[in-house]
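The values are calculated or read from the model by the stated rules, or taken from the named source; none is laboratory data. Worth saying up front: this structure is predicted, and the values here are computed from it rather than measured. Ideal geometry is used to build each Cβ from the backbone, glycine not excepted, and the neighbour counts take in all protein chains shown.
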Amino acid sequence: MKKKFVIAYFICLSPFLVIAQNISGFWKGTLDMNRGCFAENNIELQITIKGDTVYGNSYHYLDVNYYVKKKFSGLYNAKSKQISLQEEVVTTFKIPPQCQVCIKKYDLTYSGSGKQEFLKGDWGSILLAGYINCDSGPITLSRIRESAFKEIPEIIVDTGTIRLDFYDNGEIDDDSISVRINDKTVLTHQKLGAKPITTFIKMELNNTFQEVEMIAENLGSIPPNTALLIITAGKKRYELFLTSTNQKSAKVRFLYEK
């Protein structure tokens with residue numbers, strides 16, 4: 001009799017296991033904000049779910065050059081497919097001087113139609129400095145394959161000084177570059193080769209974000225302009241391959257977390 005009960009118990013559970021939905025991933029939508037500082041207020045949620053716990057990053061952005069990035073956490077109800085998210089810490093931002101940052105909360109429900117998947121619900125927000133209501137309204141997000149920010153690496157460091165060494169990637173073909181840090185030129189007309197072109201950046205508690213941009217001065221004899229960037233941050237070492245053209249530079253972003 002006991003065996004029959006156990007078998008029946010697992011049979012009852014199996015339909016739930018089949019329909020449980022994986023909501024982890026990238027989701028994109030737009031916010032209708034009366035006081036938004038961007039002409040178009042895009043939102044990207046990078047969601048990770050473990051059990052009923054939710055965490056991840058949110059981007060509120062015009063494009064990859066003007067944005068606010070925040071961490072969020074929340075809860076997920078697998079049975080009702082409802083998810084509640086609260087933005088918490090602002091990690092990085094690049095916004096016009098007149099803009100102010102709002103912290104948002106989302107209450108969303110998952111739905112699917114064919115190959116399309118949606119998170120629909122409502123959002124509200126308060127001003128980061130002052131706890132004044134910013135804006136609120138309905139929102140629909142669609143699942144996307146990859147982040148809009150995938151082409152710009154973001155590296156978290158815990159050291160004050162970072163060394164950047166630029167080398168030609170592969171065959172030396174007279175590639176020449178300039179380097180800007182936070183829109184300030186620090187190297188100009190430097191020819192890439194087997195020996196490094198070196199510069200340093202400093203991370204501080206009151207200056208926790210640094211953006212490095214590599215600009216192609218020419219394309220060398222083998223386009224495009226490619227470089228190997230070796231990053232030394234304390235005991236950590238990173239290697240990145242950067243590609244820039246006459247139309248598009250290459251960027252890397254650093255975030256200091258003590």
Notebook entry, point to check: Here is a list of conditions, (1) closer than 30 Å to F241 by Cβ; (2) in the same structural domain as S244 (by TED's automatic domain parsing); (3) among the hydrophobic types (A, V, I, L, M, F, W, C), and L205 meets all of them except one; can you say which number that is?
Noted result: (1)
Margin query: It is to be established whether one or more residues within segment 239-251 are aromatic (F, W, Y), closer than 23 Å to E171 by Cβ and in a strand (DSSP E or B).
Written below: yes
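Residues checked against (1) assigned to a loop (DSSP other than H, G, I, E, B); (2) touching a residue at least 40 places away in the same chain (Cβ under 8 Å); (3) within 21 Å of the chain's Cα centre (by Cα):
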position	(1), (2), (3)
Q46	no, yes, yes
H60	no, yes, yes
L85	no, yes, yes
G121	no, no, no
D135	no, yes, no
R143	no, yes, yes
Check: For segment 187-208, does any single residue satisfy the condition of being β-branched (V, I, T), within 29 Å of V89 (Cβ to Cβ), modelled with pLDDT under 95 and out of contact with any Gly (no Cβ under 9 Å at 6 or more places or on another chain)?
Finding: yes
Checklist line | Residues within segment 221-253 that are without any contact (Cβ under 8 Å) to a residue 24 or more places away in the chain and either more than 21 Å from the chain's Cα centre (by Cα) or loosely packed, with under 15 Cβ neighbours inside 10 Å (or both), tallied | finding: 7
Check: Scanning for something under 30 Å from N22 (Cβ atoms) and in contact with a Leu (Cβ under 6 Å, 6 or more places away or on another chain), does segment 163-171 turn up at least one residue?
Finding: no
